[in-house]
Amino acid sequence: MAETTQLPCNGDGICLFCKTKSLEEEKLTCKICVTPWHVNCLTSRPETLADTVQWDCPDCTSLSTNLLLVPAGNVLLDGVGESSGSLIAAIRVIEADTSLTEREKAKKRQQLMSGKAGSEDDDRKKNGDVKDVLDVLGGTLNCSFCMQLPERPVTTPCGHNFCLKCFEKWIGQGENTCAKCRHIIPSKMASQPRINSALVVAIRTAKMSKHVTSGPLRVYHCVHNQNRPDQAYMTERAKRNGKANAASGKIFVTVPHDHFGPIPAENDPVRNEGVLVGDCWADRFECRQWGAHFPLVSGIAGQSDHGAQSVVLSGGYKDDEDHGEWFLYTGSGGRDLSGNKRTNKEQSFDQKFEKYNKALLVSCLNGYPVRVVRSHKEKRSSYAPEEGLRYDGVYRIEKCWQKVGVQGFKVCRYLFVRCDNDPAPWTSDEHGDRPRPLPELSDLNKETKIIERKDSPSWNFNEGDSSWKAKRAIRKAQNNSVRTKLLKEFSCLICRKVMVLPVTIPCAHNFCKLCLEGAFAGQSFVRDRSRGGRSLRSQKNVMKCPFCPTDISDFLQNLQVNRELMDVIESLKTKAEDAVGSEGNSDAESENEEPTTEKNDGLIVNSEVMEHQSGYLKEVNEMPETAAKRTVKRKQADDGGHSPEGGAGIKIRRGSEAQEAVDGGNDSPSSPLHVELE
């Protein structure tokens, strides 16, 4: 006898067996596949009302008839999809798990039915910071088709993001508009979509950090400090003999490379003395081993966003002036060191407050202590040692400015004043330095832009015990968290800062909207032509991307801010500021207290995140007039990343002409690309 065919109801509620629309009271829903069935067309109906809650449809019953009972603790993730029986068994395991809510059970069933047995959300719970970051990215940058983080992301001119595969499938269906906002997609982008490399790096960084704690540790092949010899040594990779290709010997002190201030005895496990004023070394290798100055070649040790820890006076610039207790130091740069010109001493362009020069500027504005080492190569100084290098104590940068140097180009100048608890090597005093008035400098005039510190310095004199110490603790910077790394990836290719009003152009490069407008300020989209007294047809101007040769003139006529990317940046900024705020409360309490360690007058910090506004630094570098106008316009348009909030602690003196030149930038923008901000 043939079996009776049983069929469920379709999406409209019509029974596929009797072809009639059944009432809700006449339907039964399978607890496994959640499919509705018409009760009147079933051959075997549940006997009681309680049986309807645990009712299995004929399809699921026939498939699982020969299956063994599966223990509730096992999860059949391997082999899901190999057979319908294993799928049903896995669903039964989920239903039998009493620790799950109905919502969680439904979610796991959906994952099994779609073939995605593993869930990213479950892994994120193990990492709090990574979970937050992935939530920010996933909640904003998801592809509109697959609703997942974009795989090989493509960003349309309207600012929406899609997977490359999803985007090509959409275009292949004959669609020429954005699937999210119906904005027209340029034909060139539709035929040749470009992958947004910034999003690729950001998504990869967030995903890789998820496996940092769970995965195996990466193996780094290096020579540990305890295994190094006491002196510089030659390795097998050395190309030449001598110390030119030598490797550093053992580091004898336990301070990090970004340690500010003197090196105390507790950081000297060898001698238990620390680095004393007057200590001498034969060369830069030994100076590095004792932590006084770590770089082997550079005269400045520091980081542009952190500050400078030490300098070496070695006669590199003719503009230097050494007066012992104070000296004028010249910044780095301005020389062509390309190719084999590594020893070029002729200056060929102006120095700017960037890189090492900016590190000295940061130390000036915050009053950080700077270790000073003098070299015998400084032949013009009466205070230089006769041979080798000598540690001369801690100095503080009081002023910095720019002036035209001896060779006719601008140089960055810094006034260093000694502020150490030990007497200088060239004096017979029994005590260290005391606060002294600043010297009168002959090369300063009314039109010189002098940068001075306005707030109290971090390293200051304590009248109570007559010693120099850390009066204001240097705030410990955040760890290189995932949020901080991601913010670095979302940087403008022009200003190199975190993007404000981000714009993604068709070639997949990202810029600040105002930076992109400023790059094409004063240029028109078409050019009028004439020949022999006759007017010819206007010609379109080619406007190339600042980073590649792609023509973006059509896109510039209607710039669209990438709102999704802007939301991600704002969310990451907010979370980073909250983290800094929580640390700032503890730092504020410590400012009112004296340092707890009497022996340690130094400052030990691992790293620090300090933001100095681009507008202020650009003013110091004396940008061209058009660039200055663009900077002023950026300050007016944006209340966030580029507003000079840090300017309260900076005192600048200008001449009247320089002031008028800056004030002149407040006029209406000259760019035809200027779009009124919302």
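The values are calculated or read from the model by the stated rules, or taken from the named source; none is laboratory data. Note that this is a predicted model, so its numbers are computed, not measured. Every residue, glycine as well, gets a Cβ built from its backbone with ideal geometry; the counts of neighbours run over all protein chains shown.
Laid out as a table, the results:
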| read-out | value |
| --- | --- |
| Residues (out of contact with any helix residue (DSSP H, G or I) (no Cβ under 9 Å at 6 or more places or on another chain), assigned by TED's automatic domain parsing to the domain that holds Asp420 and either among the β-branched types (Val, Ile, Thr) or surrounded by fewer than 11 Cβ atoms within 10 Å (Cβ to Cβ) (or both)) located in region 219-274 | Ile263, Pro269, Val270 |
| Residue in region 193-203 that is loosely packed, with under 15 Cβ neighbours inside 10 Å and either over 30 Å from the mean Cα position of the chain (by Cα) or hydroxyl-bearing (Ser, Thr, Tyr) (or both) present | yes |
| Any hit, region 41-52, residues being surrounded by 17 or more Cβ atoms within 10 Å (Cβ to Cβ), in contact with a strand residue (DSSP E or B) (Cβ under 8 Å, 6 or more places away or on another chain), modelled with pLDDT of 80 or more and not in a loop (DSSP other than H, G, I, E, B) | yes |
| Of residues in region 559-582 being at pLDDT below 85 and of a type in the set (S, T, N, Q), the one surrounded by the most Cβ atoms within 10 Å (Cβ to Cβ) | Ser571 |
| Members of region 379-414 found to be more than 18 Å from Leu441 (Cα to Cα) and more than 39 Å from the chain's Cα centre (by Cα), listed by number | Lys379, Arg380, Ser382, Tyr383, Ala384, Pro385, Glu386, Glu387, Gly388 |
| The one condition in (1) surrounded by 14 or more Cβ atoms within 10 Å (Cβ to Cβ); (2) part of a loop (DSSP other than H, G, I, E, B); (3) at pLDDT 75 or above; (4) in contact with a Lys or Arg (Cβ under 7 Å, 6 or more places away or on another chain) that Val70 fails to fulfil | (3) |
| Boolean, Glu387 is in contact with a His (Cβ under 7 Å, 6 or more places away or on another chain) and either acidic (Asp, Glu) or in the same structural domain as Cys287 (by TED's automatic domain parsing) (or both) | yes |
| Leading residue by the ranking (farthest from Trp290 (Cα to Cα)) among those in region 380-402 that are basic (Lys, Arg) and buried (at least 17 other Cβ atoms within 10 Å of the Cβ) | Lys399 |
| Search result, residues across region 364-392 that are part of a helix (DSSP H, G or I) and in contact with a Phe, Trp or Tyr (Cβ under 8 Å, 6 or more places away or on another chain) | Cys364 |
| Test: residue in region 430-448 that is touching a residue at least 12 places away in the same chain (Cβ under 8 Å), within 25 Å of Gly334 (Cβ to Cβ), surrounded by 18 or more Cβ atoms within 10 Å (Cβ to Cβ) and not β-branched (Val, Ile, Thr) | no |
| Total residues in region 224-255, condition assigned to a loop (DSSP other than H, G, I, E, B) and in contact with a Gly (Cβ under 9 Å, 6 or more places away or on another chain) | 11 |
| Unique residue being outside the structural domain of Met113 (by TED's automatic domain parsing) and over 27 Å from Ala90 (Cα atoms) when the list is Cys9, Cys41, Cys15 | Cys15 |
| Qualifying helices (runs of 4 or more DSSP H) (wholly inside region 92-177; at least 3 residues being modelled with pLDDT under 80) | 102-114, 120-124, 128-140 |
| Residue count, region 18-38 (criterion: in a loop (DSSP other than H, G, I, E, B), farther than 26 Å from Arg92 by Cα and among the charged types (D, E, K, R)) | 1 |
| Scan of region 291-315 for residues that are touching a Phe, Trp or Tyr at 6+ places or on another chain (Cβ under 8 Å) and surrounded by fewer than 20 Cβ atoms within 10 Å (Cβ to Cβ), ordered by number | Leu296, Ser298, Ser304 |
| Per-region count, region 485-515, residues of a type in the set (S, T, N, Q) and over 24 Å from Met208 (Cβ atoms) | 0 |
| Trp426 being in contact (Cβ under 8 Å) with a residue 40 or more places away in the chain, out of contact with any helix residue (DSSP H, G or I) (no Cβ under 9 Å at 6 or more places or on another chain), within 24 Å of Pro262 (Cα to Cα) and crowded, with 22+ Cβ neighbours inside 10 Å | no |
| Residues (among the hydroxyl-bearing types (Ser, Thr, Tyr) and in contact with a Pro (Cβ under 7 Å, 6 or more places away or on another chain)) located in region 226-263 | Thr254 |
| Conditions (1) in a loop (DSSP other than H, G, I, E, B); (2) within 54 Å of the chain's Cα centre (by Cα); (3) modelled with pLDDT of 75 or more; (4) charged (D, E, K, R); number of the one not met by Asp78 | (3) |
| Checklist (1) modelled with pLDDT under 70; (2) loosely packed, with under 15 Cβ neighbours inside 10 Å; (3) more than 30 Å from Ala206 (Cβ to Cβ) applied to Met623, failing item | (2) |
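Let's see how each residue does on (1) crowded, with 22+ Cβ neighbours inside 10 Å; (2) among the basic types (Lys, Arg); (3) at pLDDT 90 or above:
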| residue | (1), (2), (3) |
| --- | --- |
| Asp322 | no, no, yes |
| Glu325 | no, no, yes |
| Leu328 | no, no, yes |
| Arg335 | no, yes, no |
| Gly339 | no, no, no |
| Asn344 | no, no, no |
| Asp350 | no, no, yes |
| Leu365 | yes, no, yes |
| Lys377 | no, yes, yes |
